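Here is the structure we will look at, set down as structure tokens.
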Amino acid sequence: SRWIEAEPDMVVAASLRTGLDAVNQVERIKPDVAVLDIEMPELDGIAALPQLLAKKRDLIVIMASTLTRRNAEISFKALSLGAADYIPKPESTREPAAADIFKHDLLQKIRSLGVRVRRKVSAATTATAVAARVRDTSPVVPHPVASAPLVRRSFGAIAPRVLLIGSSTGGPQALMTLVAELGSLIDRVPVLITQHMPPTFTTILAEHLARTSKRPAHEGVEGEVIKAGQIYLAPGGCHMRVARQGANAVIALDNGPPVNFCKPAVDPLFMSAIDYWQGAILAVLLTGMGSDGMRGGKDIVAAGGSVIAQDEASSVVWGMPGAAANAGICAAILPLNQIGAKLVRVFSGDRT
């Protein structure tokens with residue numbers, strides 16, 4: 001709460017010890033964003049979540065937990081129950097690097113998700129259990145707004161042979177929706193995904209993707225040959241790139257520094273895929289904060305490939321897809337529930 005209170009554009013509305021306190025006081029405090037710890041006395045985060053949302057339907061909830069498999073599973077359940085996002089807590093804030101990353105990510109998520117509130121009311125607030133409010137006169141993370149109609153390009157003339165997907169905030173839910181609609185398309189082309197997510201969380205996400213798509217899905221493994229019929233997910237803590245090995249495309253894991261403040265990042269996947277598939281690439285940018293994937297998307301389009309972005313209305317945060325849309329590199333900007341059908345048509349030869 002001290003970090004939030006120190007920000008000029010935020011105010012802590014309340015810092016509460018238990019989930020029960022949060023449920024009992026949410027109607028009085030009227031927070032806009034709540035950071036809810038999974039592990040709390042009396043009433044834990046997953047039990048408090050539906051009660052909070054029942055009392056304040058427009059409450060934006062960020063779940064916080066340490067990086068254990070149990071907590072990652074609970075975080076995924078929370079997302080399905082209406083939480084907007086999650087944030088992994090460091091084991092100890094005594095490590096300066098871990099504490100700095102956690103602080104940066106927490107404040108960025110509160111600001112980015114707070115933009116949704118700003119769009120709904122003229123005097124906005126943002127909050128946490130820890131509960132924070134964004135002051136009316138404060139600057140917020142810029143939300144891409146087009147001053148003119150967004151430019152759409154034609155789809156590339158080259159038939160795509162691989163599907164690349166990048167996502168961040170709101171991504172797990174969006175990915176589940178999308179892969180469920182791809183069906184047999186996955187049997188015909190490899191699907192490579194980078195979701196901004198820490199270790200353990202990506203392991204569980206891959207398991208959820210496999211169950212939802214009814215196709216094999218797993219974290220990418222160094223040196224494995226990329227084949228149609230498989231979903232490859234960038235493992236938490238590593239960039240996933242594509243490399244050439246003889247006649248094959250293979251997974252190359254990169255433990256280098258963060259790109260666009262993210263690791264894994266979308267740009268390394270998009271850019272490296274061009275070396276093998278050239279313009280035979282169709283890339284999708286789903287909901288997420290920041291602009292990761294936009295530079296790689298530009299390179300894909302320059303090589304002859306195509307980019308589809310999720311539209312603003314269906315995105316939790318229109319950062320990544322908004323950056324691509326405003327850069328004029330997209331062949332289509334669509335609601336989430338239309339992207340799957342469009343991909344099936346494009347891979348079937350309809351590139352109108």
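The values are calculated or read from the model by the stated rules, or taken from the named source; none is laboratory data. Remember, predicted model here, so these are calculated numbers, not experimental data. Cβ: placed from backbone, ideal geometry, glycine included. Neighbour counts: every protein chain shown.
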Exactly one of S154, S213, S184, S167 is of a type in the set (S, T, N, Q) and touching a Leu at 6+ places or on another chain (Cβ under 6 Å), and that one is S167
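Look at I251 and say whether it is touching a residue at least 24 places away in the same chain (Cβ under 8 Å), over 17 Å from the mean Cα position of the chain (by Cα), assigned to a helix (DSSP H, G or I) and crowded, with 16+ Cβ neighbours inside 10 Å.
Against the criterion (touching a residue at least 24 places away in the same chain (Cβ under 8 Å), over 17 Å from the mean Cα position of the chain (by Cα), assigned to a helix (DSSP H, G or I) and crowded, with 16+ Cβ neighbours inside 10 Å), I251 does not qualify.
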Would you point out which residue out of G246, G229, G256 is assigned by TED's automatic domain parsing to the domain that holds N337, touching a residue at least 40 places away in the same chain (Cβ under 8 Å) and surrounded by fewer than 16 Cβ atoms within 10 Å (Cβ to Cβ)?
G229
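Let's see how each residue does on (1) farther than 23 Å from P258 by Cα; (2) surrounded by fewer than 22 Cβ atoms within 10 Å (Cβ to Cβ); (3) assigned by TED's automatic domain parsing to the domain that holds L269; (4) basic (K, R):
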site	(1), (2), (3), (4)
T287	no, no, yes, no
M294	no, no, yes, no
G304	yes, yes, yes, no
D311	yes, yes, yes, no
S315	yes, no, yes, no
P321	no, no, yes, no
G328	yes, yes, yes, no
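Would region 92-102 turn up any residue that is of a type in the set (S, T, Y), under 19 Å from S168 (Cα atoms) and not in a helix (DSSP H, G or I)? Explain how you work it out, then say what you get.
Step one: of region 92-102, the residues of a type in the set (S, T, Y) are 92-93.
Still in the running and under 19 Å from S168 (Cα atoms): none.
No, that holds for no residue.
In region 17-26, is there at least one residue being surrounded by fewer than 16 Cβ atoms within 10 Å (Cβ to Cβ) and in contact with a helix residue (DSSP H, G or I) (Cβ under 6 Å, 6 or more places away or on another chain)?
Initial filter on region 17-26 (surrounded by fewer than 16 Cβ atoms within 10 Å (Cβ to Cβ)): 17, 24.
Checking the rest, the ones that are also in contact with a helix residue (DSSP H, G or I) (Cβ under 6 Å, 6 or more places away or on another chain) come to none.
Within region 17-26 (the criterion being surrounded by fewer than 16 Cβ atoms within 10 Å (Cβ to Cβ) and in contact with a helix residue (DSSP H, G or I) (Cβ under 6 Å, 6 or more places away or on another chain)), the answer is no, since none of the residues qualifies.
Looking only at residues in region 159-208 that are of a type in the set (G, A, S) and over 12 Å from the mean Cα position of the chain (by Cα), which one is surrounded by the fewest Cβ atoms within 10 Å (Cβ to Cβ)? Talk me through it step by step, then tell me what you get.
As a first pass, look at region 159-208 and keep what is of a type in the set (G, A, S): 159, 166-168, 170-171, 174, 180, 183-184, 206.
Narrowing the set further to residues that are over 12 Å from the mean Cα position of the chain (by Cα) leaves 159, 180, 183-184, 206.
Working: A159: 13, A180: 14, G183: 13, S184: 9, A206: 22.
Across region 159-208, the extreme among qualifying residues is S184.
Could you list, in sequence order, all residues of region 185-215 that are in a loop (DSSP other than H, G, I, E, B) and within 30 Å of K89 (Cα to Cα)? Break it down stepwise before answering.
In the first step, residues of region 185-215 are kept if they are in a loop (DSSP other than H, G, I, E, B); the result is 189-190, 196-200, 214-215.
Residues satisfying the conditions are H196, M197, P198, P199, T200.
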Please go through region 63-78 and give me each residue that is buried (at least 22 other Cβ atoms within 10 Å of the Cβ), among the aliphatic types (A, V, I, L, M) and touching a residue at least 60 places away in the same chain (Cβ under 8 Å), ordered by number.
A72
Restricting attention to region 278-312, the residues that are part of a strand (DSSP E or B) and closer than 16 Å to I333 by Cβ number exactly 10
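Give the residue that is surrounded by the most Cβ atoms within 10 Å (Cβ to Cβ), with candidates limited to residues of region 30-51 that are under 21 Å from S112 (Cα atoms) and among the hydrophobic types (A, V, I, L, M, F, W, C).
Step one: of region 30-51, the residues under 21 Å from S112 (Cα atoms) are 30-37, 49.
Narrowing the set further to residues that are among the hydrophobic types (A, V, I, L, M, F, W, C) leaves 33-36, 49.
Numbers: V33: 29, A34: 32, V35: 25, L36: 27, L49: 26.
Among residues in region 30-51 that are under 21 Å from S112 (Cα atoms) and among the hydrophobic types (A, V, I, L, M, F, W, C), the one surrounded by the most Cβ atoms within 10 Å (Cβ to Cβ) is A34.
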Would you pick out the residues in region 145-170 that are modelled with pLDDT of 90 or more and under 14 Å from I329 (Cβ atoms)?
R152, R153, S154, F155, G156, L164, G166
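Quick one: count up the residues across region 149-184 that are hydroxyl-bearing (S, T, Y), under 18 Å from A273 (Cβ atoms) and either assigned to a loop (DSSP other than H, G, I, E, B) or touching an Asp or Glu at 6+ places or on another chain (Cβ under 6 Å) (or both).
Residues that pass the stated criteria total 0.
Please specify each residue of region 170-185 satisfying the condition of being under 27 Å from N260 (Cβ atoms) and either free of Cβ contacts under 8 Å to residues at least 24 places away in the same chain or touching a strand residue (DSSP E or B) at 6+ places or on another chain (Cβ under 9 Å) (or both). So that I can check it myself, show each step before the final result.
As a first pass, look at region 170-185 and keep what is under 27 Å from N260 (Cβ atoms): 170-179, 182.
Scanning region 170-185 gives G170, G171, P172, A174, L175, L178, V179, L182.
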